[in-house]
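To start, the structure itself, in structure tokens.
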Amino acid sequence: MPSSPLPRRHIARRTSVFNESVIREMTRLAMMHGAMNLAQGFPDFPAPDFIKQAAIDAIRADINQYAITWGSPRLRKAIAAKTKRFYGLDLDPDREVTVTCGATEAMMCAMLAVVEEGDEVIVFEPFYENYVPDAAMSGARLVFVTLHGEDFAIDPGELRAAFSSRTRAIIVNTPNNPSGKVFTRAELELVAGLCREFDTLCITDEIYEHIVYDANVHVPIATLPGMYERTITISGLSKTFSVTGWRLGYLIAPAELTDALRKVHDFLTVGAPAPLQEAAAVAMEQADAYYPELAEMYTRKRGILLRALREAGFACHQPQGAYYIMADFSGLGFEGDDTAFAHHLIEQVGVAPVPGSSFYHGDAGNRLVRFTFSKSEETLEEASRRLMGRR
Ligand code: GLN
């Protein structure tokens, strides 16, 4: 007789240090209970016509076989040209741009390409939940730097203390999921100075680059002095063009880093869907006027959800970017932690959030839940009615 049950003996330990995605679990619970899904950040409204039409055209034109592993030439060219127009960076699309299956694969490629077993990787918290499994699968040891207070401020002393000779990289995510923080140039300069001083890499997740509100400005850390050569920038089409199911992301990095990223990408996924890459190229070639419209649309949605949450008694900070609100439910008199509260909201109120603890390694998220406003105004209005008890 085997000494332990078969499955456990055959399962690698690295899978035991992280759990199934809480965000996607909340989506399943929302569906089960008929709750409005303000948990998972994906749009429930149509993608723009110009990108859908381009995909239909691409399939009809029989762009249906593998694209070049690191991305179709047209899309890489469109990414490089857009990066030049918006941020002034001169990229060689043949050596410095790689198309991936979503920003999720891009982040995994980055970690696998640069991290040695046991290396330290610094991450700000609250953090996007993927970074924990990414670290576990690549062998990284995460070092957390907590953002403090209402406006998720960096404590410069704490940030410096996190850096050492063991630091391989720091992960930056701006505009930030879940906090809605848009890192200022001064904050990024602080990070950049430490990267240069300790000779570390920066892996920056900028998937929400075009979802920025009010007077806030998205600054890619790769544009700061001395940073391009040590930065891997991640972005993608999912959030900008409301096509999260297309799984299109990309990596921008200097040629030597890109060589390593491409090898990992090649053997993980071969490549992203060819017709959708074509559609993405067509879209990016003509979307400059669309990006501000996107930010305006999300400004209206932010207003609806923020008002409802505050009226319902949550304490929340107005996000500067991305499409999430972290809401403190301490004022609601609920006894129990964030997970119990999320279940209560789904089952009794009919609105699904994500428990705050998914974004913290300690217990700092236990009085928080995250809501997304990446939904139609009708969905947000109905969720608002439910939150305010007017179901
Ligand atoms: N980025 C989206 C979110 O944060 C979706 C993530 C996911 O499916 N895990 O909700």
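The values are calculated or read from the model by the stated rules, or taken from the named source; none is laboratory data. All figures in this text were calculated on a predicted structure; none of them were measured in a lab. Every residue, glycine among them, receives a Cβ derived from its backbone with ideal geometry; neighbour counts consider all protein chains shown.
Among the residues of the stretch 113-143, the ones that are more than 18 Å from Arg13 (Cα to Cα), in contact (Cβ under 8 Å) with a residue 60 or more places away in the chain, within 16 Å of the ligand (Cβ to nearest atom) and not in a loop (DSSP other than H, G, I, E, B) come to 1 in all. For the stretch 223-258, enumerate the residues that are within 16 Å of Val182 (Cβ to Cβ), more than 16 Å from the ligand (Cβ to nearest atom) and not β-branched (Val, Ile, Thr). Hit for the stretch 223-258 is Leu224, nothing else. Beta carbons closer than 8 Å, at least 6 apart along the sequence or on distinct chains, never pair a first residue in the stretch 290-310 that is within 13 Å of Val212 (Cα to Cα) with a second that is modelled with pLDDT under 95 and crowded, with 20+ Cβ neighbours inside 10 Å. In the stretch 34-47, the residues that are of a type in the set (Phe, Trp, Tyr) reach residues that are surrounded by 18 or more Cβ atoms within 10 Å (Cβ to Cβ) with C-beta atoms within less than 6 angstrom, at least six apart or across chains, in these pairs: Phe42/Thr244. The one condition from (1) part of a loop (DSSP other than H, G, I, E, B); (2) within 18 Å of the chain's Cα centre (by Cα); (3) of a type outside the set (Asp, Glu) that Gly336 does not meet is (2).
The set of residues in the stretch 192-207 that are in contact with a strand residue (DSSP E or B) (Cβ under 6 Å, 6 or more places away or on another chain) and under 25 Å from Pro156 (Cβ atoms) comprises Cys195, Phe198, Thr200, Leu201, Cys202, Ile203, Thr204, Asp205, Glu206. The residues in the stretch 31-60 that are over 26 Å from Gln277 (Cα atoms) and in contact with a helix residue (DSSP H, G or I) (Cβ under 6 Å, 6 or more places away or on another chain) can be counted, and the count is 6.
Would you tally the residues in the stretch 312-327 being more than 14 Å from the ligand (Cβ to nearest atom), closer than 17 Å to Asn176 by Cβ and surrounded by 18 or more Cβ atoms within 10 Å (Cβ to Cβ)?
Total meeting the criteria: 3.
I'm checking my understanding of the structure. Among residues of the stretch 352-391 that are aliphatic (A, V, I, L, M) and within 16 Å of the ligand (Cβ to nearest atom), which one is farthest from the chain's Cα centre (by Cα)? Across the stretch 352-391, the extreme among qualifying residues is Ala383.
Looking at Ile79, Ile59, Ile68, Ile23, which one is under 30 Å from Tyr131 (Cβ atoms), among the aliphatic types (A, V, I, L, M) and surrounded by fewer than 17 Cβ atoms within 10 Å (Cβ to Cβ)?
Ile68
Checked against the criterion of being at negative phi and either in contact with a Ser or Thr (Cβ under 7 Å, 6 or more places away or on another chain) or hydroxyl-bearing (Ser, Thr, Tyr) (or both), the candidates Leu75, Leu89 yield just one match: Leu89.
For the stretch 63-84, indicate whether the set of residues that are part of a loop (DSSP other than H, G, I, E, B) and either among the charged types (D, E, K, R) or within 16 Å of the ligand (Cβ to nearest atom) (or both) is non-empty.
Just the residues of the stretch 63-84 that are part of a loop (DSSP other than H, G, I, E, B), to begin with: 63-72.
If we keep only those that are either among the charged types (D, E, K, R) or within 16 Å of the ligand (Cβ to nearest atom) (or both) too, we end up with none.
Checked against the condition, which is being part of a loop (DSSP other than H, G, I, E, B) and either among the charged types (D, E, K, R) or within 16 Å of the ligand (Cβ to nearest atom) (or both), the stretch 63-84 yields no hits at all.
Restricting attention to the stretch 62-83, does a residue exist that is under 30 Å from Val351 (Cβ atoms), without any contact (Cβ under 8 Å) to a residue 60 or more places away in the chain and out of contact with any helix residue (DSSP H, G or I) (no Cβ under 9 Å at 6 or more places or on another chain)?
Within the stretch 62-83, none of the residues are under 30 Å from Val351 (Cβ atoms), without any contact (Cβ under 8 Å) to a residue 60 or more places away in the chain and out of contact with any helix residue (DSSP H, G or I) (no Cβ under 9 Å at 6 or more places or on another chain).
Looking only at residues in the stretch 20-55 that are within 12 Å of the ligand (Cβ to nearest atom) and in a loop (DSSP other than H, G, I, E, B), the one that is modelled with the lowest pLDDT is Glu20.
Got at least one residue in the stretch 170-183 being in contact (Cβ under 8 Å) with a residue 24 or more places away in the chain, among the aromatic types (Phe, Trp, Tyr) and within 16 Å of the ligand (Cβ to nearest atom)? No, the stretch 170-183 contains no residue that is in contact (Cβ under 8 Å) with a residue 24 or more places away in the chain, among the aromatic types (Phe, Trp, Tyr) and within 16 Å of the ligand (Cβ to nearest atom). Residue count for the stretch 174-199 under the criterion of being β-branched (Val, Ile, Thr) and touching an Asp or Glu at 6+ places or on another chain (Cβ under 9 Å): the result is 1. Looking only at residues in the stretch 328-351 that are more than 16 Å from the ligand (Cβ to nearest atom) and of a type in the set (Val, Ile, Thr), the one that is nearest to Thr184 (Cα to Cα) is Thr339.
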